[in-house]
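Data first, discussion second: the structure below is written as structure tokens.
The values are calculated or read from the model by the stated rules, or taken from the named source; none is laboratory data. Quick caveat, the model's predicted, so the values are computed rather than measured. Ideal geometry is used to build each Cβ from the backbone, glycine not excepted, and the neighbour counts take in all protein chains shown.
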Amino acid sequence: MCYGISIYLSESDTFNKNWMEKAAKSGFQYIFTSLHIPEEKDVDYVKQIKWLGKTAQEFHLEVMADVSPASLERLGLSFSELPSLTDWGISGIRMDYGFTAKQIAWLSHHLKVGLNASTINEEELKKLMDEGLQPRQTEAWHNFYPKPFTGISKASLYERNALFHRYGIKTMAFVHGDDQLRGPLHLGLPTIENHRHVTPALAALELQEMNTDKICIGDLNLTNKSLQELKFVMDGTVPLYADLYKGYEIFENRVHTNRMDAAEYVIRSVESRHKPSHFQQEAHELELFNEGTITVENELYGRYEGELQISLKNIPADAKTNVAGRIKKESLSLMKKVGSGKRFVLLNSEVK
């Protein structure tokens, strides 16, 4: 799994460099930029793309640039000169429209090539392969959708990903940012419409579930909170904000693993069983452990004493079980992503 950010050349160099530095330190690996955005006027594309390539190399970030035939005019390049973009620090280009199958296939022998995953059909893909397209040098990039209700469905993305994977081509999709949103609408830039109003971390986890190989932040940047969450997601860990009660702070900020034989009703921490602690019975008057309740088995549960669980559904309360805290409402959706063998971490304070 590979994560990237979007850089827009109409933003200031200072803004873009600060975002690149922060992203690189957080584990992001590549940059997407576009050379044919209608709103970007009076941009010296040659100067800016060279600056971007050089700066990206300082932070060890690859750059994929979205181009069209009109973009080549702005850059002062002919099609056959596109491989020289590597001298500018550009790793590859996403070819949106206006190029022939023969041209795209030829370029894949010289640069990394991005196809439009949302529009190309299998017949066109077969033609590209017949022309000599190099799958290992090719990626399929989905679009992002600034206008509400125009993004694609989860089912569509999953099917499109499966199509490209059959040909050995990796896929990429966008999640929205949540700090400074890109204009002109400022309503987020996701690929999937239903991701427009969820957290970037949840959107990224769902894209992972749909076998998306690369995930890119479509908007200008992220809040520190979302950046922290995505750092955990990139590491294969689901971040859950929780209110842990006094005496149970030992479970916070530690990485836990849900059992491989995942239960239907609860998440069970493997590590809590391996590090047994003594927990006396604590009386409670609950009849149910509601969804999101964090519990720890007490001494009355014998060999299960010390096991931490999180209720996925409402279950009957038990005197052999202590209430250790609750998953915060904002993390209940993320909690559902802690599947078989999945790591998770309980965070007791938010990054501002």
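Would you confirm whether any residue within region 54-76 is in contact with a His (Cβ under 9 Å, 6 or more places away or on another chain) and hydroxyl-bearing (Ser, Thr, Tyr)? Scanning region 54-76 turns up at least one residue that is in contact with a His (Cβ under 9 Å, 6 or more places away or on another chain) and hydroxyl-bearing (Ser, Thr, Tyr).
Test residue 324 against the criterion of being small (Gly, Ala, Ser), farther than 19 Å from residue 346 by Cβ and surrounded by 14 or more Cβ atoms within 10 Å (Cβ to Cβ), and give yes or no. Considered against the rule, which asks whether it is small (Gly, Ala, Ser), farther than 19 Å from residue 346 by Cβ and surrounded by 14 or more Cβ atoms within 10 Å (Cβ to Cβ), residue 324 comes out as no. On the stretch given as region 120-155, residues that are of a type outside the set (Asp, Glu) and either within 26 Å of residue 87 (Cα to Cα) or free of Cβ contacts under 8 Å to residues at least 12 places away in the same chain (or both) total 12.
The residue of region 165-180 that is farthest from residue 30 (Cα to Cα), among those that are in contact with a Pro (Cβ under 9 Å, 6 or more places away or on another chain) and of a type in the set (A, V, I, L, M, F, W, C), is 169. Of all residues in region 69-94, those being more than 22 Å from residue 142 (Cβ to Cβ), under 28 Å from the mean Cα position of the chain (by Cα) and either of a type in the set (A, V, I, L, M) or at pLDDT below 90 (or both) number 1. What do you reckon, is residue 272 among the hydroxyl-bearing types (Ser, Thr, Tyr) and within 18 Å of residue 326 (Cα to Cα)? So residue 272 fits the description; yes. The number of residues in region 26-60 that are modelled with pLDDT of 95 or more and of a type in the set (Lys, Arg) comes to 1.
For region 243-318, the strands (runs of 3 or more DSSP E) that sit wholly inside it and include 3 or more residues that are buried (at least 17 other Cβ atoms within 10 Å of the Cβ) and modelled with pLDDT of 95 or more are 266-268, 293-297, 308-311. Residues that are within 20 Å of residue 224 (Cα to Cα) and of a type in the set (D, E, K, R) within region 307-352 comprise 328, 329, 330, 350, 352, listed in sequence order. For region 45-65, enumerate the residues that are out of contact with any helix residue (DSSP H, G or I) (no Cβ under 9 Å at 6 or more places or on another chain), surrounded by fewer than 18 Cβ atoms within 10 Å (Cβ to Cβ) and under 18 Å from residue 27 (Cβ atoms). 57, the sole residue that qualifies. Within region 338-352, which residues are surrounded by fewer than 19 Cβ atoms within 10 Å (Cβ to Cβ), assigned to a loop (DSSP other than H, G, I, E, B) and modelled with pLDDT of 95 or more? Across region 338-352, the qualifying residues are 339, 340, 341, 342. Every test in (1) among the polar types (S, T, N, Q); (2) over 18 Å from residue 228 (Cα atoms); (3) surrounded by 15 or more Cβ atoms within 10 Å (Cβ to Cβ) is passed by residue 180 save one, and that test is (2). So is residue 240 closer than 30 Å to residue 17 by Cβ and not hydroxyl-bearing (Ser, Thr, Tyr) or not? No, not satisfied.
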